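Written out below as structure tokens is the structure these notes cover.
The values are calculated or read from the model by the stated rules, or taken from the named source; none is laboratory data. Computed from a predicted structure; not experimentally measured. Backbone-built Cβ (ideal geometry, glycine too); neighbour counts: all protein chains shown.
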């Protein structure tokens, strides 16, 4: 009987530790520092997580890759159904500061925002962008993380381009 009490206590302590590290303000601080150091090492940029909050059902993350370049993610998720609904915003005001990430020199700015929703079996991405000084909207569907449909409408200086659905079967 003592064995079951010890085993139950041990499992309870492990679960409490995991919950504390993953879903509390104290644990978020520890996790944020680790993620920030990994991002700095991988990108060779002075990146910082200015906001990192993770709870059992939602999160908010603001990553500043540099003073002028930010990525923001806000959303909710379900651990059990693995469903999610995420709003994203990528605002790169000075892409030249990100030269460590590319093999080619870039200049200007890039902005895109939208929503990602679904689960790991089917994901939809809807967004808009100003890439190449255009007004672009896009809808992307992924099935099992493979793109099954990409629809983009690009408008620039009075010209308009609209793509039709793209299917992975067509690439074979």
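Looking for something more than 18 Å from the chain's Cα centre (by Cα), over 30 Å from residue 121 (Cα atoms) and surrounded by 10 or more Cβ atoms within 10 Å (Cβ to Cβ) - is there at least one such residue anywhere in region 61-75?
Let us first name the residues in region 61-75 that are more than 18 Å from the chain's Cα centre (by Cα), namely 67-68.
Now narrow it down to the ones that are over 30 Å from residue 121 (Cα atoms): 67-68.
Cutting the leftovers down to surrounded by 10 or more Cβ atoms within 10 Å (Cβ to Cβ) gives us 67-68.
Yes; the residues of region 61-75 include at least one that is more than 18 Å from the chain's Cα centre (by Cα), over 30 Å from residue 121 (Cα atoms) and surrounded by 10 or more Cβ atoms within 10 Å (Cβ to Cβ).
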Just for region 95-142: of the residues that are assigned to a strand (DSSP E or B) and in contact with a helix residue (DSSP H, G or I) (Cβ under 9 Å, 6 or more places away or on another chain), which one is modelled with the lowest pLDDT? 110
Checked 28, 85 against criteria (touching a strand residue (DSSP E or B) at 6+ places or on another chain (Cβ under 6 Å) and outside any strand (DSSP E or B)); the one match is 28
Given (1) in contact with a strand residue (DSSP E or B) (Cβ under 8 Å, 6 or more places away or on another chain); (2) under 25 Å from residue 80 (Cα atoms), identify the lone condition not met by residue 120. (1)
Scan region 34-50 and tell me whether some residue there is under 21 Å from residue 128 (Cα atoms), touching a strand residue (DSSP E or B) at 6+ places or on another chain (Cβ under 7 Å), surrounded by 15 or more Cβ atoms within 10 Å (Cβ to Cβ) and free of Cβ contacts under 8 Å to residues at least 24 places away in the same chain. no
Hey, can you tell me all the residues within region 37-60 that are assigned to a loop (DSSP other than H, G, I, E, B) and within 30 Å of residue 121 (Cβ to Cβ)? 55, 56, 57
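Specify which of the listed residues (4, 23, 10) is out of contact with any helix residue (DSSP H, G or I) (no Cβ under 6 Å at 6 or more places or on another chain), more than 30 Å from residue 92 (Cβ to Cβ) and surrounded by 11 or more Cβ atoms within 10 Å (Cβ to Cβ). First the steps, then the outcome.
On the way: 4 fails: surrounded by 11 or more Cβ atoms within 10 Å (Cβ to Cβ); 10 fails: surrounded by 11 or more Cβ atoms within 10 Å (Cβ to Cβ).
Selected residue: 23, the only one of 4, 23, 10 that is out of contact with any helix residue (DSSP H, G or I) (no Cβ under 6 Å at 6 or more places or on another chain), more than 30 Å from residue 92 (Cβ to Cβ) and surrounded by 11 or more Cβ atoms within 10 Å (Cβ to Cβ).
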Count - residues of region 143-158 that are over 19 Å from the mean Cα position of the chain (by Cα) and not in a strand (DSSP E or B): 2
